[in-house]
1. Quick test for you: out of A:ALA115, A:ALA82, pick the one residue that is open to solvent by 20 Å² or more (accessible area, probe 1.4 Å), in a helix (DSSP H, G or I), modelled with pLDDT of 95 or more and among the hydrophobic types (A, V, I, L, M, F, W, C).
2. How about region B:1-50: which of its residues are within 29 Å of C:HIS119 (Cα to Cα) and away from every other protein chain (no Cβ under 11 Å)?
3. Which one is farthest from C:CYS347 (Cα to Cα), of the residues in region A:55-79 that are assigned to a strand (DSSP E or B) and within 11 Å of another protein chain (Cβ to nearest Cβ)?
4. Can you tell me which residues in region C:256-290 are surrounded by fewer than 24 Cβ atoms within 10 Å (Cβ to Cβ), assigned to a strand (DSSP E or B), within 12 Å of chain B (Cβ to nearest Cβ) and free of Cβ contacts under 8 Å to residues at least 60 places away in the same chain?
5. For C:GLU99, which of the numbered conditions (1) open to solvent by less than 30 Å² (accessible area, probe 1.4 Å); (2) assigned to a helix (DSSP H, G or I); (3) within 14 Å of another protein chain (Cβ to nearest Cβ); (4) of a type outside the set (Val, Ile, Thr) fails to hold?
6. What strands (runs of 3 or more DSSP E) completely inside region B:59-163 contain at least 1 residues that are open to solvent by 40 Å² or more (accessible area, probe 1.4 Å), of a type outside the set (A, V, I, L, M, F, W, C) and under 23 Å from C:PHE129 (Cα atoms)?
7. Which of the following residues is surrounded by 18 or more Cβ atoms within 10 Å (Cβ to Cβ) and among the basic types (Lys, Arg): A:ARG122, A:ARG152?
8. Would you check if there is a residue in region A:44-54 being closer than 13 Å to C:LYS387 by Cα, open to solvent by 60 Å² or more (accessible area, probe 1.4 Å) and within 13 Å of chain C (Cβ to nearest Cβ)?
Amino acid sequence: MPTLKIDGVEVTVPAQTTIIEAAERLGIEIPRYCYHPGLSVVGQCRMCQVEVERMPKLAIACNTPVADGMVVSTRSPKVEKARRAVLEFYLLNHPLDCPICDKGGECPLQDYTLAYGPGESRSVEEKIQRVKHKVLGPHIVFDAERCILCTRCVRFCHEIPKTGELGVFSRGDQSEINLFPGKVLDNAYSGNVIDLCPVGALTSRQYRFQSRPWDLVRHTESVCPLCSNGCNVVLDVRHRQRGEELLRIRPRENPAVNRWWMCDEGRFTFTYLHDPARLRVPTWREDGPRGEMAYDDLLLRVARAIRRVVEAHGPEAVGCIASSWQANEELFLVRRFFREILGTPHLDFRVRPVQFQPSDASEDGILRRTDKTANSRGARDLDLRPGPGGLDAAGMITAAAEGRLKALFVFEEDLVRAFPDGPLREALGRLDLLVASSLFPTETTALAHAVLPALGFAEKEGSFTNFQGRIQKIRRALTPHVASRSLPEALRELALNLGRDLGGIEPEQVWAAIGERPGPYQGIAWKDIGDLGLLPEES
Amino acid sequence: MISDETKKRFDALVKRYPEKRSGLIPILHEVQAEVGYLSPEAIAWVAAYLTLSPADVMSVASFYDMLHLEPVGKHMIYVCQNLTCSLLGAEPLIRHLEDRLGIRMGETTPDGLISLKRMECLASCGTAPAIQIDGIFYERVTPQKLDELLEKLRNGRLRGSRA
Amino acid sequence: MAFEKILTRYQDVPNYTGTIDEYIAQGGYQALPKALREFQPADLVETVKRSGLRGRGGAGFPCGVKWGFIPKDSPRPKYLVCNCDESEPGTFKDRMLIEEEPHQLIEGIVISSYAIGCHLAFIYCRGEFVSGAQVLERALREAYGRGFLGRNILGSGFELDVHVHRGAGAYICGEETGLLESLEGKRGQPRMKPPFPAISGLYRSPTVVNNVETLSNIPHIVLRGAEWYASIGPPKSAGPRLFSVSGHVERPGNYELPMSITLRELIFDHAGGIPNGRRLKAVIPGGSSAPVLTEQHLDVGMDFESLAAAGSMGGSGGVIVMDDTVCMVRVGEIVSRFYHHESCGQCTQCREGTAWLHKVLRRIEHGQGRKEDLDVLLDMCDNMKGKTICVLSDAAAMPIESYLAHFREEFEIHIRERTCPFEGRGAF
């Protein structure tokens, strides 16, 4: 392994490491535009030039492998002049519209110009005029004047989704990035070009003019819930007069999960969290019309109804269908409540065909998976399945239809949609107690006696386990609606109403309990789950 | 859009190369000759033929001066504007040509017959100033000689390979 | 002393049209059988190394050394690509060689392919060489017909196919890796080096790229020996060279001469001097990328070393002569317009710098220069040199630096008087 010196500090790295990577290990960021660790190296922007002893010319750090004994300077006068020159060249034609540019405040051209650039331009020539705010596709808008031709977007489309929509057209300073006439930039991963673009040339139509970076008060690290891949994300939240608003989801680098990318569905699907149609307050229906009811009253009534059923028919008359939308902590508490406190074996989470297979599959060989929920793996690992003699989800419905099952809890699933065939409505209609939790009103909630508003993934703390078995934390980015309680809180209350103790409901406490039990998560504590998640077999 | 015979020629052409993408520029030359210019449809045809993305082919085509992405005249006159030709009268020649045809360099006569294009060094400096009409060199060109060439071109008496 | 023409000896044959029979009649295709029978490939590489032949495209790299970089143990096919993208302003000798003596090149290609173990070679012709490419196609058909190409060449078991491939108009395709990209059907954007083409070139295989004139020398070296070749001209610039002389001279044209010739001899003895009783003002000795020389440099030798020592370069052998009616700011405008037009656009300094250079020079020429422009130009040139993937950026900057070094006053007059003092004089 070669040892080299960068800015006077020694570092030993594997052979074939490039200078830019070696510097990163020392925490030295060499400025760059065209280089991106996830894309092919083209060495075009010339921003990352460094001085290497005994090399006559400056070397580009992105494409120069380290060598033993190499002495590199990233801040020598020669380097600084070259860098200043590159920035001056870029700014010859780059519009200085930073105050109205979405990238302003988080723009590498702005940042490096401030750090290394010339104070003012020596050019008096007119800037080249090019196409502005051209819509490239459903998510992306393009400003060719701001483009510095780093070609990251072009390479991304060629190399990751392999759709190749973008190209560099013409030559020299006439070069321009564009689409073939009549085509659109519409692949499942197109949003990544927004993050890749080092200037404000490719911006998000959804986020356009929504915020300045410094108005985003919270950047919460979390995990995308929209499939079993569990892409690592950052949730950018802004305070508005009407409250907090999630404005943007960005991928967060995780080499083992999503590298630097995420799909458009995950990136742009979040406005539902702010949808006024969401369920905000608990409701109760008994003989008469549905009405709002305070949590405590509602949970007392539910407890009473449970007790009636259990006393009359035994715990086997109660069933629970949990959900792979739920976090591990919720799932663990659901299982504890139903299997241990109530003592029913009827517990399941599987309401989708893909959940009956040993594993789901990759949808496209990139990131997207066929299980479009976040936590089937967690539900399986935590054994949210029928106990001895227990019924699966379909079995519970049959049992309800036949009058054997009297009370059913359905969390975050619309059974009417999951089981469209068969006498589902009739089955649910025969129940003495149907409790449903949901983000939105559904046909199932319409039939339920008690409806609890559920929390979205950005409103709760906990973890999902992705298809690989990697446990990854989700963190609260948005404060839930005042009237909403978390499911653990509701379950704890319900247990209390039944004279039982559910145990601690904070993630640390739940994991203390999970870690005690035999199973895939034995020995794991909440603090063990790092920023990039935890794969139990690796721990 | 492309005749079967031409396509057969392409099939043979790409076999010359270990990787068929190498046939791209020769094919673009021929398609341009057949269609008149590289229309989006023509580019899309070539892209499909070589299993490349149309943007990729357009990107390549737009790199080269002799490949035209906009319609051009039936005849193409290139005028060298580089140093030696300029030393020996390229600019007066260009002005003469523009006057005679009533169009500017980079434009096409309204009847679609002739396009004018400034070119960089054509490797004819020893016989400057030089022009090319439809791929054929004409050297030591004077305004008078130019008039004769234009006359012949209009009468269809100028040989040219239009490649 | 009259110099024996080697590459252009056909010029002394009346009505010579370059057919295979004419070529054979004057001794052509004798080197090929000799090479195949008497030489092992490695011996040929050694012979070419000893001959001192240097690349005639521009860089002047020793040809045999380049061949020697081809790895012997690589399992991949080897390729020879003949660079016939002659585009360096002021250079027109390769075009002449392919149009007038195509078989000399083809014979050189077959021998060179044998030397490096290549079985598929390409001649990359610039797109504008429509008729030149046709001549080569016809010559290749003739060579196939006589068994100089194809399977089992001259019973040796050696096999080679050669194809002509036409570009489509881009100066940068003369840069060898830009050429390879173009030959692969891509934009002609030069590649980062290393790896050099000898290791990873065409289709990521070991590749030699040699200029037309360079390869045309090979049959003569094989036939008459490395020592004979090395004895021509100065020791480090061996062999004959084709100088393309153009501009303000009585007899422009290609002159085949040893590189021991001086600039003065070339311009005044061979090309007939400056017409109309004018004085020499400036001369570009090696294509437009070369820094300009003036009267004071007339006795410099036209070899690679002497020209470098004089602050310029041998480059492509394109000698552009300018008399005293010429405005050097206008020359700067024209030359920078060329590089602006031809920059491929991938590297920042070149894409933006070539355009900026052009715009500033155009402004000065048109009487809108500012005092500070000249220092900005020089700093810009410094920022463009030695910092990009290929040397087009350097090639754009170096001439301008030299115009400013030798003719700064002329630029200052333009700025001071807000006009071009040469305007209206001559056709320029």
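The values are calculated or read from the model by the stated rules, or taken from the named source; none is laboratory data. Remember, it's a predicted structure, so these values are computed and weren't measured experimentally. Using ideal geometry, Cβ is built from the backbone for each residue, glycine included, and neighbour counts are taken over all protein chains shown. Keep in mind that these areas ignore ligands, DNA and RNA; they rest on the heavy atoms of the full protein, side chains included. Shrake-Rupley method; radii C 1.70, N 1.55, O 1.52, S 1.80 Å.
1. A:ALA115
2. Within region B:1-50, B:THR6, B:LYS7, B:LYS8, B:ARG9, B:PHE10, B:ASP11, B:ALA12, B:TYR49 qualify.
3. Checked region A:55-79; the qualifying residue farthest from C:CYS347 (Cα to Cα) is A:PRO65.
4. Of everything in region C:256-290, just one residue is surrounded by fewer than 24 Cβ atoms within 10 Å (Cβ to Cβ), assigned to a strand (DSSP E or B), within 12 Å of chain B (Cβ to nearest Cβ) and free of Cβ contacts under 8 Å to residues at least 60 places away in the same chain, namely C:LYS281.
5. Unmet condition: (1).
6. Numbers: elements: B:75-80, B:114-119, B:131-133, B:136-138.
Of the strands (runs of 3 or more DSSP E) lying wholly inside region B:59-163, those with at least 1 residues that are open to solvent by 40 Å² or more (accessible area, probe 1.4 Å), of a type outside the set (A, V, I, L, M, F, W, C) and under 23 Å from C:PHE129 (Cα atoms) span B:114-119.
7. On inspection, the qualifying residue turns out to be A:ARG152.
8. No: region A:44-54 contains no residue that is closer than 13 Å to C:LYS387 by Cα, open to solvent by 60 Å² or more (accessible area, probe 1.4 Å) and within 13 Å of chain C (Cβ to nearest Cβ).
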